[in-house]
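The values are calculated or read from the model by the stated rules, or taken from the named source; none is laboratory data. What you see is a predicted model; the values in this text were computed from it and never measured. Cβ coordinates were reconstructed from backbone atoms using ideal geometry, including for glycine residues, and neighbour counts include every protein chain displayed. These area figures cover heavy atoms from the full protein model, side chains too; ligands, DNA and RNA do not enter into them. Shrake-Rupley method; radii C 1.70, N 1.55, O 1.52, S 1.80 Å.
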Amino acid sequence: MLKKYPFFLPLAGCRGQCVYCDQRAITGITEVPSPEFVRRELKKLTEPREICYFGGSFCRFPKEKIKEYLDAAVQASPKGSTLRFSTYPGDLRDDELRALVKGYPISRVELGIPTLDPAVLAACRREADPQKVFEDIALLMEDSLPVGVQMMIGLPGQSRESSLNDLERLATLKGAQRWELRLYPCLVIAGTELEALWRGGKYIPLTVEEAALWGGEFIERALVLGFVPIRIGLQETEALAARAVAGPHHPALGELILAEAEARRLAKNSPKGPWRVPRRGLSMFTGHGRFGIKRLAIHAAMTENEAEERIIFER
Ligand code: SF4
């Protein structure tokens, strides 16, 4: 797998602004880099990379601009490089645009599908019709464009059931394909509409523990359904630390979620153990106040010490 080389195009192409989002605040990047800048940077590379355009709705740029960015990426990077971008579902509905994109070595099209629940979509000010999202993804699949999904939990009006239901519906569509998945528990970022809702008492963010438990259930199910989690929780940056004013902001949230998912899986597969786990997963159980062991004990209805004694760490 090629190493990623990301360019952040904060909010570029976005028509509105989703209530929870401020890509500039999350990434600390305020200017959208131009295709010329991309070219200059990529000329410095000596090995092929996966060139990524993140942070906005890439395919909502005018076609000529999209072409300029795609050309910059393939022409200036070493031979063998590939391309990945994130975009709003439905942005590739246009046949001509899909034909254009297909002419490039696309490794993944990441679709922002935080939810498929119409009430939650409306609360988040996302213009998307869940039924159309399915049709749009089907078009990408017919064109053999590899799909990835970016989903969220803890959104305004969203419940666990609703998020798990989204996952099941997407799984039906993907069939046996292994779609990459990014899961972002919702944070309250300073300056967003969500901050106003939270300060006005109209939105209650998840705590770190709630996000870990909900996310753990979500990821456990996602793995069973054949999704491939590649990122859980936002990348920690100084900008994010400064601007996340509420919600499950924790640098190890991804690991807590994975620990919960693994504890659930182990207790389901073998209700009383012993549980054989790879040694590289040790910190998942013993780190963060022994969160993984505590959760395994709860799922297996035993004491922490009993749970710990029944875990066998293997090389
Ligand atoms: S969530 Fe995505 S579509 Fe919404 S404002 Fe942010 S970058 Fe744009």
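As a test question: what accessible area, to the nearest 10 Å², does residue 34 have when a 1.4 Å probe is rolled over all protein chains in place?
Roll a 1.4 Å probe over it and residue 34 shows about 40 Å².
Which value does Rg/Rh take for segment 161-203 over its C-alpha atoms, Rh per Kirkwood?
Working: Rg = 15.5 Å, Rh = 13.0 Å.
In segment 161-203, Rg relative to Rh is 1.19.
Roughly what angle does helix 160-174 make with the longest principal axis of the chain, taking Cα atoms, 0 to 90 degrees, to the nearest 10?
60
Can you tell me the relative contact order of segment 252-315? Whole percent, Cα pairs under 8 Å, sequence separation 6 or more. Intermediate values should be presented prior to the final figure.
On the way: 74 pairs, mean separation 26.4, N = 64.
Across segment 252-315, relative contact order equals 41 percent.
Arrange the residues 134, 227 by how much accessible surface each exposes, largest first, with a 1.4 angstrom probe. Present the calculation step by step, with values, prior to reporting the outcome.
On the way: 134 30, 227 0 Å².
These residues rank, largest area first, as 134, 227.
Could you tell me which of rounded, prolate or oblate describes segment 201-315, using a ≥ b ≥ c as the square roots of the eigenvalues of the alpha-carbon gyration tensor, with rounded for a/c under 1.5 and, failing that, prolate when a/b is larger than b/c and oblate otherwise? Before the final figure, lay out each step's value.
Details: a/c = 1.87, a/b = 1.84, b/c = 1.02.
The shape class here is prolate.
How much of the accessible area of the chain, probe 1.4 Å, is carbon plus sulfur, in whole percent? The partial results should precede the final answer.
On the way: 7520 of 14600 Å².
The nonpolar share, carbon plus sulfur, comes to 52 percent.
Any cysteines in the chain with zero other Cys Cβ atoms under 4.7 Å from their Cβ? List them, or say none.
14, 52, 59, 124, 186
If I model a spin label as a point 7 Å beyond the Cα along the Cα-Cβ vector, how far apart are those points for residue 30 and residue 202 in nm?
Placing both labels 7 Å along Cα→Cβ, they lie 2.9 nm apart.
Over the Cα atoms of segment 218-272, how large are the radius of gyration and the largest Cα-Cα distance (Dmax), in Å?
14.1, 44
Going down the table (3/44; 3/174; 3/65; 65/132; 268/294; 79/102), which pairs top 21 Å between alpha carbons? Write out the running numbers ahead of the final one.
Working: 3/44 15 Å; 3/174 25 Å; 3/65 25 Å; 65/132 25 Å; 268/294 16 Å; 79/102 17 Å.
Listed pairs above 21 Å: 3/174; 3/65; 65/132.
Find how much the distance from residue 145 to residue 3 grows on full extension, using 0.36 nm per residue of separation minus their present alpha carbon separation; answer in nm with one decimal. Don't skip to the answer; put the middle values down first.
Values: separation 142, 0.36 × 142 = 51.12 nm, distance 1.98 nm.
Full-extension gain reported as 49.1 nm.
Compute the long axis of helix 63-76 from its Cα atoms, compare it with the longest principal axis of the Cα atoms of the chain, and write down the angle in degrees, 0 to 90, nearest 10.
It works out to around 80 degrees.
State, as an integer percentage, the relative contact order of the chain based on alpha-carbon contacts under 8 Å between residues 6 or more apart. Each step should come with its number before you reach the end.
On the way: 553 pairs, mean separation 44.8, N = 315.
This gives 14 percent for the chain.
Straight-line reach from residue 272: which aspartates and glutamates have a Cα under 17 Å away, not including same-chain ones fewer than 8 places off?
By straight Cα distance, residue 272 reaches 260, 262, 304, 306, 308, 309.
Accessible area of residue 24, 1.4 Å probe, to the nearest 10 Å²?
The value for residue 24 is about 100 Å².
Figure the gain on full extension for residue 303 and residue 45 (residue separation times 0.36 nm, minus the Cα-Cα span) and round it to one decimal in nm.
Working: separation 258, 0.36 × 258 = 92.88 nm, distance 5.31 nm.
Full-extension gain reported as 87.6 nm.
Solvent-accessible area per residue for the chain at a 1.4 Å probe radius, Å²?
On the way: 14600 Å² over 315 residues.
Roughly 46 Å² per residue, with all protein chains present.
Could you work out the mean projected area of the convex hull around the alpha carbons of the chain, in square nanometres to one decimal?
Values: hull surface 68.0 nm².
Answer in nm², one decimal: 17.0.
What distance in nm lies between label points placed 7 Å from Cα along the C-beta direction at residue 282 and residue 314?
Label at residue 282, label at residue 314, 1.7 nm between them.
Go through segment 83-123 and name the trypsin sites (Lys or Arg not before Pro) that are in a DSSP coil and have 15 or fewer other Cβ atoms within 10 Å of their Cβ. Intermediate results must be reported in sequence, preceding the final value.
Values: sites: 84, 93, 98, 102, 108; in loops: 93.
Those that pass, being in a loop and sparsely packed, are 93.
Roughly how many nanometres apart are two label points built 7 Å out from the Cα toward the Cβ at residue 178 and residue 165?
Between residue 178 and residue 165, the label points sit 3.0 nm apart.
Can I get the semi-axes of segment 104-239's equivalent ellipsoid? Compute them from the C-alpha gyration tensor as square roots of 5 times the eigenvalues, in angstrom, largest first. Please report the intermediate quantities before stating the final value.
On the way: eigenvalues 133, 53, 46 Å².
They are 26, 16, 15 Å, listed largest first.
When you count, for each residue, the other Cβ atoms within 10 Å and take the mean per peptide, how do 153-159, 276-282 rank with the highest first?
On the way: 153-159: 21.4, 276-282: 12.6.
Ranked from most to least packed, the peptides come out as 153-159, 276-282.
Antiparallel DSSP bridges in the chain: what percent, to the nearest 5? Numbers along the way, then the final one.
Values: 2 of 34 bridges.
Of all bridge pairs located within the chain, approximately 5 percent are antiparallel.
Give the angle, between 0 and 90 degrees and rounded to the nearest 10, that separates the Cα long axis of helix 253-269 from the longest principal axis of the Cα atoms of the chain.
The helix 253-269 is inclined about 50 degrees to the chain.
What GluC sites (Glu not before Pro) in segment 12-84 are in a loop by DSSP, with at most 12 other Cβ atoms within 10 Å of the Cβ?
Working: sites: 31, 36, 41, 50, 64, 68; in loops: 31.
When the GluC sites (Glu not before Pro) of segment 12-84 are filtered for loop state and at most 12 Cβ neighbours within 10 Å, 31 remain.
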